[in-house]
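First the structure, which I've put down as structure tokens, then a few questions once you've had a look.
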Amino acid sequence: MRIKRALTVGALLLMSASLTACGGDDGNSDGDGTARSPGLPEAADMASVEQFMNKYTSCTGLTPGDEYDDSALQDKDPAWGEDLDNDLWGIKERAVCRDAYHDSNTLVLVSDMKKFQATLKAKNYSGLLAGKNFLVQPGDDQTVKELKASGLKYLSCDPGLHLPSGYKQEPALVEGCVLTDYFPAEI
């Protein structure tokens with residue numbers, strides 16, 4: 001049994017060494033501004049983000065961001081990002097869905113995560129929940145709790161962010177920004 005286990009560990013080390021020698025993943029970016037953090041969920045399109053959300057929480061009535069901004073709901077329950085310049089932020093598409101608590105969740109597909117993070121930091125906005133190429137601004141604390149098991153990370157560029165012990169953080173794509181598994185009470 002020990003020989004079999006030693007062979008398995010040896011094979012894994014050999015594979016790891018060969019991946020590194022071939023220009024393996026450095027964990028930072030794909031060169032196109034998308035985060036490469038291991039395990040971050042990724043989405044091909046807005047329908048994929050909606051399906052992802054529905055695995056962990058409720059996301060119904062998906063509405064394109066501009067259409068939502070022109071609706072009566074915007075007055076009662078504003079969605080994040082209504083006045084953003086998509087080019088400045090690197091936003092590909094923005095949409096809004098409703099959770100089970102009748103709050104708006106803003107879903108953002110990003111074409112350039114590094115640009116998004118740089119603008120987030122420069123504008124001094126609070127954090128969002130981040131995937132590899134999309135972000136979520138939950139509309140309710142209960143939705144935040146439901147998304148903790150999703151693999152999303154809290155993205156923050158707040159220099160005053162202090163994590164309780166036991167939580168992990170890693171550098172994001174922009175210096176001064178971090179991704180963490182700690183979700184503050186208010187996002």
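The values are calculated or read from the model by the stated rules, or taken from the named source; none is laboratory data. On a predicted model such as this, the values are computed, not experimentally measured, just so you know. As a convention, Cβ positions derive from the backbone with ideal geometry for all residues, glycine included, and neighbour counts pool all protein chains shown. Please note that ligands, DNA and RNA were not included when accessible areas were found on the heavy atoms of the full protein model with its side chains. Shrake-Rupley method; radii C 1.70, N 1.55, O 1.52, S 1.80 Å.
For GLU82 paired with ALA47, estimate the spin-label separation in nm (one decimal), with each label point 7 Å from Cα along the Cα-to-Cβ line.
2.9
Hey, with R₀ at 45 Å, roughly what FRET efficiency would ASP75 and SER165 work out to, going by the Cβ-Cβ distance, to 0.05? List each step's numbers first, then the result.
Numbers: r = 42 Å, r/R0 = 0.94.
It comes to 0.60.
Compute the distance in nm between two label points, each set 7 Å from the Cα along the Cα-to-Cβ direction, one at SER150 and one at ASP181.
Distance between label points: 1.7 nm.
Something else about it: Describe numerically, in nm with one decimal, the distance between label points set 7 Å from Cα along Cα→Cβ at TYR56 and at LYS123.
Label at TYR56, label at LYS123, 2.2 nm between them.
Rg and Dmax in Å for region 124-165, alpha carbons only: what are they?
Rg then Dmax for region 124-165, in Å: 10.9, 28.
Right, another one. Evaluated at 25 °C with a viscosity of 0.890 mPa s, what Stokes-Einstein diffusion coefficient in µm²/s does region 42-118 have when Rh comes from the Kirkwood expression over alpha-carbon pairs?
D = 192 µm²/s.
A further question follows. Report, ordered by chain and residue number, the aspartates and glutamates lying within cross-link reach of LYS76, taken as a straight Cα distance under 18 Å and ignoring same-chain residues fewer than 8 apart.
The qualifying aspartates and glutamates are ASP66, GLU67, ASP99, ASP103, ASP140, ASP141.
Taking amide hydrogens as modeled 1.01 Å from N in the peptide plane, which residues meet the under 5 Å criterion relative to GLU42, leaving out close sequence neighbours?
Hits under the 5 Å cutoff: LYS132.
Still on this structure: Give the accessible area for PHE52 in Å² (nearest 10); use a 1.4 Å probe, count only protein heavy atoms, and leave out ligands, DNA and RNA.
30
Restricted to Cα positions, what overall size does region 107-187 have along the principal axes? Three whole-Å values, descending.
Per principal axis, max minus min of the Cα coordinates gives 29, 27, 19 Å.
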